[in-house]
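Scroll down for the structure; my scribbles are underneath it.
The values are calculated or read from the model by the stated rules, or taken from the named source; none is laboratory data. Since we're looking at a predicted model, the values are computed, not measured. Reconstructed Cβ throughout: ideal geometry from the backbone, glycine too, with neighbour counts over all protein chains shown. In case anyone asks, the SASA skips ligands and DNA or RNA and just uses the protein heavy atoms, side chains included. Shrake-Rupley method; radii C 1.70, N 1.55, O 1.52, S 1.80 Å.
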Amino acid sequence: MVGLSIGEKHFIQGGIAQDLRTDGRKRLSYRPISVETGVIAQANGSARVKMGKTEVIASVKAELGRPSSSAPDKGKVSIYIDCSSTAAPQYEGRGGEELSMELSAALRQCLLGGKSGAGAGINLSSLAIVDGKVCWDLYIDGLVINIDGNILDALGAAIKAALSNTGIPKVNVSSTAPSDDQPEVDVSDEEFLQFDTTAVPVIVTLTKVGRHYIVDATSEEESQMSSAVSVSVNRGGMICGLTKRGGAGLDPSVILDMISVGKHVSEQLMNKLDSEIAKAEAAMEEES
């Protein structure tokens, strides 16, 4: 927990009420965002994202698998988050495990639409190879390196950047195998298909402090929150997932307003992130 004096708490809350936060930002402004791609050589795609002092890494590994019987025409995606014990003192040991589980569940809700998969931000149909027999399984791993608030949004940005950096090997399916048998597949070591991230959303968390809500909250600001709503929105303005944390209840009209603000702010974040990803990819090409 962030230890603040009563004066510091009033200073944070008063600044937010006046639309002037302690670091000079307005309520709906982000800290500087930087992206670095291709940071893990063994992965199919990877990225490091920094939002202010919050720093995370995401990696994507693609492996051949078998579709589930309930969704034979789709691939599968798994999301697991690990929190480094050095990220913040309160997350050593069990605290880190609990945060990891909470973040993993929230990301599945925001990016995969929960267990139902409805409104999923990642197109699972694009991962199918042979319906009911062969598909790609994507394993998305995230690592929280340093925490200064807004971890979920940073992880969502890192996953989007890592997927943009992901190359899926081209697969040739043998046409000679009987239809009832498991088909033979040849996975190319040289040809890769760029993963389509057009529909992959960004996550915007609206943190409620007093009567107002802010985006990209720092740890100090989060310590003063009553609740927070995270909404994932793709470039088309479609809401892909929603999750809430914090003990205080919210009136439905407030939630609807937060969602509306989140959709508006998502355009700002999406454009900034796309610009940073493009710069990171260009830097990678220059190095190679």
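Some observations on this one:
- Verdict on residue 234 being open to solvent by 10 Å² or more (accessible area, probe 1.4 Å) and in contact with a Pro (Cβ under 8 Å, 6 or more places away or on another chain): yes
- Tabulated pairs, segment 254-271, first over 24 Å from residue 161 (Cβ atoms) and among the polar types (S, T, N, Q), second open to solvent by 70 Å² or more (accessible area, probe 1.4 Å) and in a helix (DSSP H, G or I), C-beta under 9 angstrom, 6+ apart or interchain: none
- In segment 26-48, residue nearest to residue 263 (Cα to Cα) [restricted to those that are open to solvent by less than 30 Å² (accessible area, probe 1.4 Å) and hydrophobic (A, V, I, L, M, F, W, C)]: 33
- Meets criteria (of a type outside the set (Val, Ile, Thr) and assigned to a helix (DSSP H, G or I)) for residue 217: no
- Taking (1) in a strand (DSSP E or B); (2) over 12 Å from the mean Cα position of the chain (by Cα); (3) not polar (S, T, N, Q) in turn, residue 141 satisfies each apart from (2).
- Candidates 156, 149, 121, 132 - the one that is among the small types (Gly, Ala, Ser), within 19 Å of residue 274 (Cα to Cα) and outside any helix (DSSP H, G or I): 121
- Qualifying positions in segment 230-247 - charged (D, E, K, R) and under 15 Å from residue 270 (Cα atoms): 235
- Within the option set 60, 77, being touching a Gly at 6+ places or on another chain (Cβ under 6 Å), surrounded by 14 or more Cβ atoms within 10 Å (Cβ to Cβ), in contact (Cβ under 8 Å) with a residue 12 or more places away in the chain and not in a loop (DSSP other than H, G, I, E, B) holds for one residue only, 60.
- Filtering segment 238-288 to residues that are more than 20 Å from the chain's Cα centre (by Cα) and in a helix (DSSP H, G or I) leaves 252, 253, 254, 255, 256, 257, 282, 283, 284, 285, 286, 287.
- Scanning segment 5-30 for residues that are part of a loop (DSSP other than H, G, I, E, B) and either within 17 Å of the chain's Cα centre (by Cα) or more than 30 Å from residue 196 (Cα to Cα) (or both) yields 5, 18, 19, 20, 21, 22, 23, 24, 25, 26, 27, 30.
- Residues located in segment 201-214, provided they are open to solvent by 40 Å² or more (accessible area, probe 1.4 Å) and not in a strand (DSSP E or B): 210, 211
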